[in-house]
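Here is the structure we will look at, set down as structure tokens.
Read the figures in this text as sums done on the coordinates, not as results from a lab. All figures in this text were calculated on a predicted structure; none of them were measured in a lab. Every residue, glycine as well, gets a Cβ built from its backbone with ideal geometry; the counts of neighbours run over all protein chains shown.
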């Protein structure tokens, strides 16, 4: 694309030489005006890359043109055309911001060299600006990626170190506000008994929403994501159909899934109509995975606790049943020892030697049984028993 040159002169010889004879043949697009007022108007239409202005214009001069450019913030390089004896005017023009000068009469090579030099300088400046903009965007992207990685690392570390699940969820939604550049964030977890999604953690929600911690919350979008199991990003006019539009103009909801079951929902909202992009979606889904791990860990821990409690309760019941059995056996055996002792002591009549021997064997067996069922209590001596 040819560079645009605006030539400001009322001298037909200068206009013809610079425009028709010199610059047009080498590919520049030239537009000629005869006074400063017309040049200022033409700047906005023609958008020149270089202005060549005759310093000896009648009325408003090239110096006035430079003053006007400075006051209006016009950043276009100006080459002034002067004649012998106008060196002082050239110096003043340089003080006002002129980029170069041509001394009339001038040769074609001098005109082309001056214009080429200014054009290349402008091209280099624009290239540097583009490079600076690209570098700025790259730095911003690197900073954003660093924030994302730092947040993910922090959330992952929290999942492993924070045992209080409510505190962990608070940390997750706090991180989402920061890294997603969102204004609101909240986490819903499915209550199996109520068959509803309850608000477990939030950041920046209005009081009317925030006070529903531990209660079911329907923002309009979450039920759709709970059914589909897929992340939903929505902004602008379509969002107005849902309750969440009372908070902002852009929203994203991602599910927390165990296998194919949706066990929770992570929601972020922006006040401005700035849609969440694919990178934001990937980040939110990664954080949702961490939150899911926490929920699964909590479920496993609860199941383990229940199993331990059930085992302990069963063991206690077994001990109680055994104790009751011991008491029953003891209650049956203990009364037997008294009549045996009466027989062996001759209180109930004289016994033969063989009868005494048999009764002693019975008494010893009964005493051994009593000892077996009273190992956890002091042994009671058999009433009236003695060696014979």
Among 61-72, 325-336, how do they line up from the highest to the lowest mean number of other beta-carbon atoms within 10 Å? 61-72, 325-336
Hey, in the GNM for the chain with a 10 angstrom Cα cutoff, which one of 283, 57, 372 fluctuates hardest? 372
Arrange the following residues from fewest to most other Cβ atoms within 10 Å of their Cβ: 94, 343. 94, 343
Fully extended contour minus Cα-Cα distance, from residue 141 to residue 316, at 0.36 nm per residue: 56.8 nm
Among 164, 218, which comes first, then next, by fewest other beta-carbon atoms within 10 Å? 164, 218
Among (1) 29, 58, 12, 0; (2) 19, 19, 17, 21, 9, 5, 6, 4, 0; (3) 25, 58, 16, 0, find the value of P(r) over Cα pairs in 20 Å bins from 0, in percent that was calculated from the structure presented, and write down its label. (2)
Between the modelled labels at residue 323 and residue 41 (7 Å from Cα along Cα→Cβ) the distance in nm is 11.0
Measure out, as a whole number of angstrom, how far apart the alpha-carbon centroids of region 232-262 and region 37-67 sit. 56
What ranking of 78, 179 emerges when the number of other C-beta atoms within 10 Å of each C-beta is taken as an exposure proxy, fewest first? 179, 78
At 222 nm, what value in deg cm²/dmol follows for the chain if DSSP H runs of at least 4 each add -39500 (n - 2.57) and the sum is divided by all its residues, to the nearest 500? -18000 deg cm²/dmol
The chain, relative contact order [Cα under 8 Å, separation at least 6], %: 9
Among 73, 248, 264, which one moves the most in a GNM of the chain with springs linking Cα atoms closer than 10 Å? 73
With springs only between Cα atoms under 10 Å, which of 243, 84, 278 fluctuates most in a Gaussian network model of the chain? 84
